[in-house]
1. Report whether or not Ala142 is modelled with pLDDT under 85 and either among the hydrophobic types (A, V, I, L, M, F, W, C) or surrounded by fewer than 15 Cβ atoms within 10 Å (Cβ to Cβ) (or both).
2. Is the range 77-84 home to any residue that is hydrophobic (A, V, I, L, M, F, W, C) and open to solvent by 40 Å² or more (accessible area, probe 1.4 Å)?
3. Find all pairs meeting these conditions: Cβ atoms under 8 angstrom apart; at least six residues apart or on different chains; first residue within the range 128-141 and in contact (Cβ under 8 Å) with a residue 40 or more places away in the chain and among the polar types (S, T, N, Q); second residue open to solvent by 50 Å² or more (accessible area, probe 1.4 Å) and in a helix (DSSP H, G or I).
4. Could you check the range 149-164 and list, in sequence order, the residues that are in contact (Cβ under 8 Å) with a residue 40 or more places away in the chain, over 19 Å from Ile177 (Cβ atoms) and outside any strand (DSSP E or B)?
5. Quickly run through the range 30-51 and pick out the residues that are outside any strand (DSSP E or B) and either crowded, with 19+ Cβ neighbours inside 10 Å or modelled with pLDDT of 90 or more (or both).
6. Check Val182, Val167 and return the single one that is part of a strand (DSSP E or B) and open to solvent by 10 Å² or more (accessible area, probe 1.4 Å).
7. Restricting to the range 3-29, and then to whatever is surrounded by 10 or more Cβ atoms within 10 Å (Cβ to Cβ) and polar (S, T, N, Q), can you tell me which residue is nearest to the chain's Cα centre (by Cα)?
8. If you check Arg216, Arg198, Arg191, which single one turns out to be open to solvent by 60 Å² or more (accessible area, probe 1.4 Å), at pLDDT below 80 and under 20 Å from the mean Cα position of the chain (by Cα)?
Amino acid sequence: VQVLADAQATLPAIRAALAWFTRGVQPGETLILFLSGHGVKVGDRFYFAPVGVDPARLAATALPWPELLASLQAARRNARSVWVLADCCRAAPGLERDRQATGDDLRAGVDDGGNLVICTASAGDAPSYESETLQHGLFTQAWLEALQGRMGPAYAIAYQPTPRGAVLTLSGLQFLIDASVVRHARQVGVRQQVEFPRLEGSFSPGQPLFIAVAARPS
């Protein structure tokens with residue numbers, strides 16, 4: 001695992017981390033790339049905004065989205081799957097609406113049903129939200145709760161017990177992420193719906209995807 005948080009997330013550091021992330025991928029591995037920040041667009045060009053981004057010089061100071069996707073294309077040839085969890089949809093304060101990248105923008109050009117999975121924090125061109133109490137996005141919180149088994153006893157049915165721990169299937173994962181985002185959105189008085197791509201071509205609904213950290217969700 002490699003983490004770039006806050007001031008660490010410069011453009012050179014992100015590029016170096018992507019090179020490390022996609023190097024030497026072994027057959028059958030699952031890769032997860034989590035992005036929390038802002039997506040910015042100019043016309044039909046999309047960028048991920050690192051620390052120090054200059055909105056007037058995006059080409060020189062931001063990460064082009066096609067560059068990120070190209071770095072993942074090589075990795076997906078060996079990997080079982082590559083997941084991109086993007087908590088960066090229409091949430092940039094002070095940025096004009098037509099310059100904020102949407103979930104649809106970030107998934108453009110990526111085939112449904114492949115093993116490159118882009119899951120965005122909000123559907124269509126709807127905004128995603130952060131919580132002052134949680135200190136991060138509602139989408140981020142949903143993934144933390146689902147993968148750590150912290151959804152509560154009422155959601156334990158979504159986890160399938162195995163000798164290796166509590167497994168999340170595709171259907172269980174989607175149910176938990178959707179339920180968590182909706183619950184936290186209601187608590188802060190907003191509406192937000194996660195956008196999962198169509199995965200039927202790559203995964204069956206009952207296929208094990210992730211093992212939760214907690215063997216017994218609580």
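The values are calculated or read from the model by the stated rules, or taken from the named source; none is laboratory data. Source: prediction; values computed, not measured. With ideal geometry, Cβ positions are generated from the backbone for all residues, glycine too; neighbour counts draw on all protein chains shown. In case anyone asks, the SASA skips ligands and DNA or RNA and just uses the protein heavy atoms, side chains included. Shrake-Rupley method; radii C 1.70, N 1.55, O 1.52, S 1.80 Å.
1. Values: modelled with pLDDT under 85: no; either among the hydrophobic types (A, V, I, L, M, F, W, C) or surrounded by fewer than 15 Cβ atoms within 10 Å (Cβ to Cβ) (or both): yes.
Criteria not met by Ala142.
2. Just the residues of the range 77-84 that are hydrophobic (A, V, I, L, M, F, W, C), to begin with: 79, 82-84.
Narrowing the set further to residues that are open to solvent by 40 Å² or more (accessible area, probe 1.4 Å) leaves none.
Taking every residue of the range 77-84 in turn, none turns out to be hydrophobic (A, V, I, L, M, F, W, C) and open to solvent by 40 Å² or more (accessible area, probe 1.4 Å).
3. Taking only residues 6 or more apart or on different chains, the pairs are Ser131/Gln187.
4. Arg164
5. Here is the first cut: in the range 30-51, the residues outside any strand (DSSP E or B) are 37, 43-44, 50.
Passing the criteria: Gly37, Pro50.
6. On the way: Val182 fails: part of a strand (DSSP E or B).
Among Val182, Val167, only Val167 is part of a strand (DSSP E or B) and open to solvent by 10 Å² or more (accessible area, probe 1.4 Å).
7. My answer is Thr22.
8. Values: Arg216 fails: under 20 Å from the mean Cα position of the chain (by Cα); Arg191 fails: at pLDDT below 80.
After ruling out the rest, the residue left standing is Arg198.
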